[in-house]
Each structure stands twice: as C-alpha cells, then as structure tokens.
Amino acid sequence: MSDSFELEDAPAPAPVRNPSYFDGLNDSQREAVEAVEGPVLVLAGAGTGKTRVLTTRLAHILMQNRAGPGEVLAVTFTNKAAREMKERVSRLVGRPVEGWWVGTFHAIGARLLRAHAEAVGLSPQFTILDADDQVRLIKQLTDIHEIDPKRLPPRAISGIIQRWKDRGYMPDKVPTSEAETGEGKVLTLYKEYQARLLTLNAADFGDLLLLCLELFRKRPEILKEYQRRFRYVMVDEYQDTNVSQYLWLRLLAQEHRNICCVGDDDQSIYSWRGAEVGNILRFEEDFPGARVVRLERNYRSTPHILAAASGLITFNEGRLGKTLWTDVNEGEKVRVRGVWDGEAEARMVGDEIESLQNKGQKLNQVAILVRAGFQTREFEERLITIGIPYRVIGGPRFYERQEIRDAVAYLRVVAQPDDDLAFERIVNLPSRGIGKTTLQTIHTYARAEQTSLTRAIATLLETDELRPQAKKALAEVMATFDLWRTIAGTMAPAELCAQILDESGYVDMWRMKKEPDAPGRIDNLKELVAALEDFETMGQFLEHVSLVMENEERSDHDKVNIMTLHGAKGLEFESVFLPGWEEGLFPNQRSLDEGGNASLEEERRLAYVGITRARVRAMISFAANRRIYGQWQSAVPSRFVDELPGEHIDMMSESGVYTRRDGAVKQADDAYLDVEGIGRSRRLMIRSERPQSYKPTAGDGEKLSVGIRIFHQKFGYGRVAYVDGDKLDIEFEKAGIKRVMASFVSPA
C-alpha cells in the first residue's frame, strides 16, 4: 500500500501564555480559536472575521504542539483561500510550514486517490477530465446507443451524472425514483461512462470524492489510517458542502472527533450547484455534544445595513439563528427606491454613482448586483452614456455574450450582405449541414474573385462546385436573408429581430440544448429584443453596438463593478446597488416553481448576501414596469421589500416619498398604487406632481381623457382616473387602480 505511515503519540500540549496571535481577537473569535477539543461549529456571519479565526485556530494548534502540519486536515473551496491560509499561518507561527494537508476538496481528494489508486481500479497517473472532456466522452456513448441529442443532450446527461456524484451515488446506488430518468437511459450511460473512465485511466471532478468514499468502503483499513492521522479536521464555507463532501468529512473525523466547521447558514446560496444547507443545520445531530460558537460582531457594515439584512433573514425558518451587530457609527439607512421602469432605474443608479464619484468615491468600491444576467444591459448602456467606466465580473459584458454576438451577427448580415465576418459566424448556426469543406470552397472562390462570401455563394449555387445537400442548405439561407431584407423597411427593429431569431431557429436551438445556462441565454435574447425598442432603424442600433464594443478596457483600474448576486459572495464594497427587487425577478419565479419554499428561503438568503456586501451605503430598487421581449409587463415590489424592517430603511419614489403600510392607507389627497403581494398585502403611497396638459392617444386614434371607459387586455374594463403624459391611472372594475401605458388600452 502506498503512502503508509506510522503515528506516534502526540506530544503533550505545551501551553503558550498570552500568545501574540490572540491580539485583536474579540471574545467570540477567541472562544472559537481556543475550542480545539471535540466538534465545533463556528457560525460566522458576514464580515465577522471568519478567515482570521480559521488561520489563528490552525496556528494555535501548531504552536500548542497539539498536532503537526501533517496531522491537520484543512479544507477550503478555492485554491486562493488555501494559499491565503498557508501564508497567514506561516506568518503567525513565524516560519514556513511543511507537510501541509491544506487545500480544496478536489485537490485533497486527488491526493488521496493517487496514493491508493489501485484500490479503485486506477493507476496513480490517472487523468482528471474537465467538463468538455466529460461531455465529449458521453457524446461518444450516446452515438453508440443512437440516442437523439435533441431529446437527451450530452451536456444535460453530464449534468445529471454529476448531480448523482455530488450526492454520493455510484451507479448501483442511484435511487429507484431516479433510475428511470431519461427512460432509464441516463443510468445505463452512467454505468458505461464509469467503465469507460476506468479503461482510460481517468476520473472526473465528481469522482475525486466519490471514489474516495468507495475507497473507504472497500478498504476500511485505509480509512482507519487517515482517521488516525488527522487529529484535527477544519473546513471553511461548510454551508456550501454537497452530500459527498459531507460524507467524506464525517468519515475522516470519526476517530478524534476534533472537527471544526466554519460557515453561515444564512449565506447558503448554491443549491443549484449541489450545496446542501441541511449539512450545517444538522451539525449538532451528526456530532452530539458539539459546541456552537456564534461570530456576530460585524467589522464591515453600518448598523442600519446589518439591521435591515438581519430583519429580512428572520423570515426564514430553516436557520440556526444569529444577529449581527457593530459598534461603528449609525450611518445611512438602506434606501429603497421605486421607479417607473428599468430605464429609469438605470438612469437613477447612474446618477447616484456619478454623484458619489464627484464626492470622491472610488468607482472600484461601487457595485451593482443583479439577480439575472440580462439585467446588466441597461446599466452598461447608461454608464457608457455618462462616461463611467465599468467591468462585468464573472461573465462577459452584455454585447460580448455569445448569444448576443450571434444575434447581432444575423442583424449585421441583413443590414450588410457583404459582412463576411458576421455571415461566417452564423451561416451554420444553428447547424444546417454546411461543413468546413463547403466553407473552404466558398472562401477559395471569394478570394480568387475578390468578392464577398454571399456574392460567391450566389455564383456557386449556379454551378456544381458544391455538394447537393450543401447547395440546398445555402439556397435556403440566402432566400431567408433576402426575405428579411425585403421586410426590414416595413417593420420596427425589435419586431424584425424577434422574427429573425424565431425563423432562423436560433432561439429553438438554445431551448433544445437543455443546458443549465440555456434559460439565461434565452432571457438575454429577450433583453436584446427589448433593447431595439429604443431605436428607429436597425442601422442606428448596429452603430450603437459598435460604439459600445469600442468601449475598450481603460488603463486605469477604477471601474464600477457589475455582477450577479451569486458572484458577489465573499466580496465587499463601500456602496452597493441592488436593482430589480420585483416578484418574479427576485425572488426568481423559475426557482420558486422548481423548489417551492426551500427555493424561496434560498432566494431570501441571496438577498441577505446582497445587502451585507455593503459597508457604508446600500440602495434597493424596484420598477413598476419591465419590458421583456419587447412587451411591457406590470411588476409588483418583491415580498423582500415588505420584509425589510421599516425603522432601518428610507423608502422613496422618483418624485416623492413611498410610505409602506401594513394596514389601510391613511386618507390623503395623493393617488396610490395598491399592490397585492404573494406573501401579504402592502400599499405604497406615491406622491407626485402630475401635469394634465397632454392627452395621450389610444390605439384607434381617439383622445383619452379622465372619465373615458377603456379596456385593457390584462386588467379588463375601467375608467381613466388620471392622465400623466403617456401614462394613465385607471380605476379598473375588478383590479382596482392601476397605472398603465396609454398604448396598452383602447376605448370600450
């Protein structure tokens, strides 16, 4: 057996009196550091100094001679965190530390497997496959079984298999309730996939822990050796562990039971990645007699920010409970702003950032945190308009996304048939059977004749240079583009774009892929269509895109940060903007439909994470209307807005003050918007100055004015109560008072 070792009895602890590394620790932090015997759960709230606790605890164990570096297992989720832990501990103990068992789950799992590879049918030099390799291997198997990739895409199959691995299921352990996934074909492929991996002497990332569990099951003597070796087990971000990681940790900690898990149940936001919040919630059941230490003193945010976040998260039932506090100055209340639509929201946020910049705020200390990727477009365009540099973290900028580039390429070819770069990008997207050989023939002819690809194709379609199948596909493509050019002058750009995306099959291509990110890509395409509503011609839009793309990365590093809420975990900023707090968007309706109350609680944890990223100021905003796929949709504020503690927030609209009421609204001269929430009703008072000089025009040309009876497709019949430009307050017979666009109604 490889990597065998002998352990001597641990030397007697040598107490260190008032060690310097305790300096600056608060009482709770010191308690967590000194609690080195038995199971310990450190509930570390946002900004409470958990990294310092982890590193100081490890240094304390080493300095007290309770264990050597090779007898402590410290697990992190990122290589960066592992490196930082090593560096900090080395500084604390005053010397480089050798023989570490510090690293990510995958890194330590791979180290264990390479030491005992033969026990699971591999050799120590096994290859670790990345995601693309996994999909490629699965595609080979689906081809053998003649499985239709449209019904069961290889990438979707890979996702199912990885989820099974995250939950600790070898092929023979997949529950009966899931064995029939894909008519039983996925389980069959899983078995063959694992056999193929052994033949290739390879493992994927899921195997790095799953095969460790198999190793421990088949060879209990190996498990016993590691249980004896690791006198102390420490893990960071415990709330993000999946089932395999949980089982692996629990097994290794059984001998000495000196396991310390650090995490925050209120920041468990990765269930879609396999994380199980239940792992941290049942820690005391798994390790009877466990000590729980709560780190509640926050060193990041102001009292109002912490109180707003803490008040919101108390609506979750699945939590262990803690309350963050700080002794810093009170600071600003969390501002909550209601606006008319997404464009107004982006304008408001842009103005706020510009004002902060003028007051000396560094832009890299400003963040816009969105729930969905498609939300970034309006903020990107607004920041470009006012000349504020920005970066999109965790993904490309809106117009740099693959699906947006593809869609814009279609529009470019319609507008300019000789745009070879755009044409080549999408001529076989979605797949039309136009292969590399065909394109090479076209390129060769185009270069010889010094003409464009589309002109070359027009000539080659009249010859026999191309294969019949390719000629037929190209003829259809050319005819379709000709049709789009014919109607381009008679349709609004947004309508034309929607038609192109539909008739080209491009949207259907993403629907059929069934990949985890496919719904988000479709949402981005809908947002692109909505973006075209602002332009009179396609040429104007394409010029705008060119200018946006020309917004090169500047040499300075002072830029506003735009990212998703998921991507912001672990980060902090002086000023944070949280837009799009509306039902359906946040909490996300798709998540609620799929996961019910468990998903609602995770969405609320995501809101908690967003608020606690802010150090000095936070602004939450919601819009009364959102334009999705070129269609206006009325929106109601997120239930999370109503759950924020009123004494710690400042609610206002663009033109006045929003006053939230739990009961009836006080009598006032102001009109109000009555919003029925899913959780509980709430009413928002809207104070505004409303000029009545302009009378909007309904669809049939008749002037609309107060008192006219109208019909709205969503809300039914009602009478105009107030006119504000092209916006109407209408008292509907069944829906009550609503504000709608004039173009959405017609005289009854």
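The values are calculated or read from the model by the stated rules, or taken from the named source; none is laboratory data. Because the structure is predicted, anything quoted here is derived from the model rather than measured. Heads up, the Cβs are rebuilt from the backbone with ideal geometry, glycines too, and the neighbour counts pull from every protein chain shown. Ligands, DNA and RNA are excluded from the accessible area calculation, which covers all protein heavy atoms including side chains. Shrake-Rupley method; radii C 1.70, N 1.55, O 1.52, S 1.80 Å.
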Could you give the length gained by full extension between residue 20 and residue 465, i.e. 0.36 nm per residue of separation minus their alpha carbon distance, to one decimal place? 152.1 nm
Counting only protein heavy atoms and rolling a 1.4 Å probe, one gets per residue an accessible area for region 573-649 in Å² of 28
Counting only heavy atoms of the protein chains, get the accessible area per residue of region 95-145 (1.4 Å probe) and round it to a whole Å² value. 47
In deg cm²/dmol and to the nearest 500, what is the mean residue ellipticity at 222 nm of the chain if only DSSP H runs of at least 4 residues count, each as -39500 (n - 2.57), divided by the residue total? -12500 deg cm²/dmol
Which value, in Å² and to the nearest 10, is the accessible area of residue 608 when all protein chains are kept and the probe is 1.4 Å? 0
Using 7 Å Cα-to-Cβ label points, what is the residue 107/residue 272 separation (nm, one decimal)? 2.8
Once you've got the Cα coordinates, tell me which of 139/191; 359/559; 80/322; 322/569; 50/362; 50/224 are over 23 Å apart. 80/322; 50/362; 50/224
Sort 639-652, 31-44 for me by packing, meaning the mean count of neighbouring Cβ atoms within 10 Å per residue, highest on top. 31-44, 639-652
Using a probe of 1.4 angstrom, how much of the accessible area of region 254-392 is carbon and sulfur, in percent? 43
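Apply 1/(1 + (r/R0)^6) to the Cβ-Cβ distance of residue 458 and residue 79, taking R0 = 45 Å, and write down the FRET efficiency to the nearest 0.05.
Efficiency computed from Cβ-Cβ geometry: 0.25.
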Candidate cut points under GluC sites (Glu not before Pro) in region 57-123, DSSP loop plus at most 16 other Cβ atoms within 10 Å of their own Cβ, are 98
Want the number for residue 30 to residue 178: 0.36 nm per residue separation, take away the alpha-carbon distance, what's left? 48.6 nm
Which FRET efficiency, nearest 0.05, do residue 314 and residue 416 yield, Cβ-Cβ r, R0 60 Å? 0.55
For the Cα atoms of the chain, what angle does the longest principal axis make with the long axis of helix 518-531, in degrees from 0 to 90, nearest 10? 30
Given a Förster distance of 25 angstrom, what is the FRET efficiency for residue 737 paired with residue 633, based on the Cβ-Cβ distance and rounded to 0.05? 0.85
Positive-end residue of 440, 475, 417, charge dipole of region 379-487 with Cβ unit charges: 440
Quick shape check on the chain: root eigenvalues a ≥ b ≥ c of the Cα gyration tensor, a/c under 1.5 is rounded, otherwise prolate if a/b tops b/c, else oblate, and it reads oblate
Between residue 424 and residue 499, what is 0.36 nm times their sequence separation minus the Cα-Cα distance? Round to one decimal in nm. 24.9 nm
Got a sec? Which residues in region 338-367 would a label at residue 572 touch, if it sits 7 Å along Cα→Cβ and we count backbone N under 16 Å? 365-367
Which whole number in µm²/s is D for region 333-459 by Stokes-Einstein, with the Kirkwood Rh taken over Cα pairs at 37 °C and 0.692 mPa s? 182
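I need the peptides 561-571, 610-620 ranked by packing, meaning the mean over residues of other C-beta atoms within 10 angstrom, with the highest value on top.
So the peptides 561-571, 610-620, ranked by packing, come out 610-620, 561-571.
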0 to 90° range, to nearest 10: angle between helix 342-358 axis and the chain longest Cα axis: 60
The convex hull of the Cα atoms of region 25-168, divided by residue count, gives a volume in Å³ per residue of 173
Only loop residues by DSSP count here, and only those with at most 13 other Cβ atoms within 10 Å; note down the GluC sites (Glu not before Pro) in region 430-496 that meet that. 462
Inter-label distance, nm, simple model (7 Å from Cα along the C-beta direction), residue 449/residue 330: 7.8
Stick to Cα atoms and the Kirkwood definition of Rh, then tell me Rg/Rh for region 190-316. 1.07
Once the Cα atoms of helix 538-549 and of the chain are each reduced to a long axis, what angle between those two axes, in degrees from 0 to 90 to the nearest 10, is obtained? 30
